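Following: one structure in structure tokens, then a few remarks.
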């Protein structure tokens, strides 16, 4: 998959695609359905996605807590796995936020991308002050010679599938629900940082990863798998939270103990997938109590995995 961050001056072989539009946070099963519709509408054209970075909500509500299910590299990998060959990841800036709906269709989609077909969800809104929707896009696409399709939301007995619903499942401590709706386990990707090395002293060394702009799921202990920079996948147990036993501060982080593994991971990228929630985070009386609980948690994680 090739990634472009400007709609202007694209090479000829990066134009003329069947383009799915949206934020694609999480790249869940509803997004996969949207991409199948885009491919089916023009199977003779490259399959492309147009999205934004940062997420418009991050831009307009910068003081909100982090909410992203997938940051840009994870989103790109998930889209590529679904067959997308062109990703237009447009910078969402002050100037871009003031492009009108008409300008977006005429200048970005038609003149810039040369899109053959456009596919969106029925609730897609775009342009300055969300001035355009699916009906506007359908009319303008037809006038400019582009195909258009609006895809209904994927729903089940619980209602429409959405990124918001997946966020809620993770924050409530149900990673299995998130897995079912994403089509893969939800993961945190980041660089392993130096910690206080306390885990090693009690026999449970951990790789420490900042949550960064990721959503913070329910604090506590999880059964996980960790994909290392070399592609190898290992089982483990992880804690997400503030480590109250040590009064470690207000910033949550991810600490993962990888089973049967002893190598230096500092400054390498690791992707930790959450499979099952074991227990809530809590404060222990001391190191001995914490060590005993971690041993119990690790045994439970091995059983679950």
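Here is how the numbers come out for the structure above:
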quantity	calculated
Residue list for the stretch 111-126, filter: in contact with a strand residue (DSSP E or B) (Cβ under 8 Å, 6 or more places away or on another chain), within 21 Å of residue 59 (Cβ to Cβ) and in a loop (DSSP other than H, G, I, E, B)	124, 125
Residue in the stretch 5-27 that is farther than 28 Å from residue 186 by Cα, assigned to a loop (DSSP other than H, G, I, E, B) and free of Cβ contacts under 8 Å to residues at least 60 places away in the same chain present	yes
Qualifying residues in the stretch 243-266 (those that are under 18 Å from residue 212 (Cα atoms) and surrounded by fewer than 17 Cβ atoms within 10 Å (Cβ to Cβ)) - the one modelled with the lowest pLDDT	248
Matching option when the condition is in a helix (DSSP H, G or I) and at pLDDT 95 or above, among 140, 57, 129	140
Hey, residue 83 assigned by TED's automatic domain parsing to the domain that holds residue 34 and within 15 Å of residue 41 (Cβ to Cβ) or not	yes
Filtered residue count, the stretch 112-135, keeping only those that are surrounded by fewer than 17 Cβ atoms within 10 Å (Cβ to Cβ) and farther than 14 Å from residue 19 by Cα	8
Among (1) under 29 Å from the mean Cα position of the chain (by Cα); (2) surrounded by fewer than 14 Cβ atoms within 10 Å (Cβ to Cβ); (3) in contact (Cβ under 8 Å) with a residue 60 or more places away in the chain - the single one residue 270 does not satisfy	(2)
Strands (runs of 3 or more DSSP E) lying entirely in the stretch 158-227 (those with 1 or more residues that are over 26 Å from residue 55 (Cα atoms) and in contact (Cβ under 8 Å) with a residue 60 or more places away in the chain)	207-210, 220-227
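The values are calculated or read from the model by the stated rules, or taken from the named source; none is laboratory data. As the structure is a prediction and not an experimental result, all values here were calculated from the model. Every residue, glycine as well, gets a Cβ built from its backbone with ideal geometry; the counts of neighbours run over all protein chains shown.
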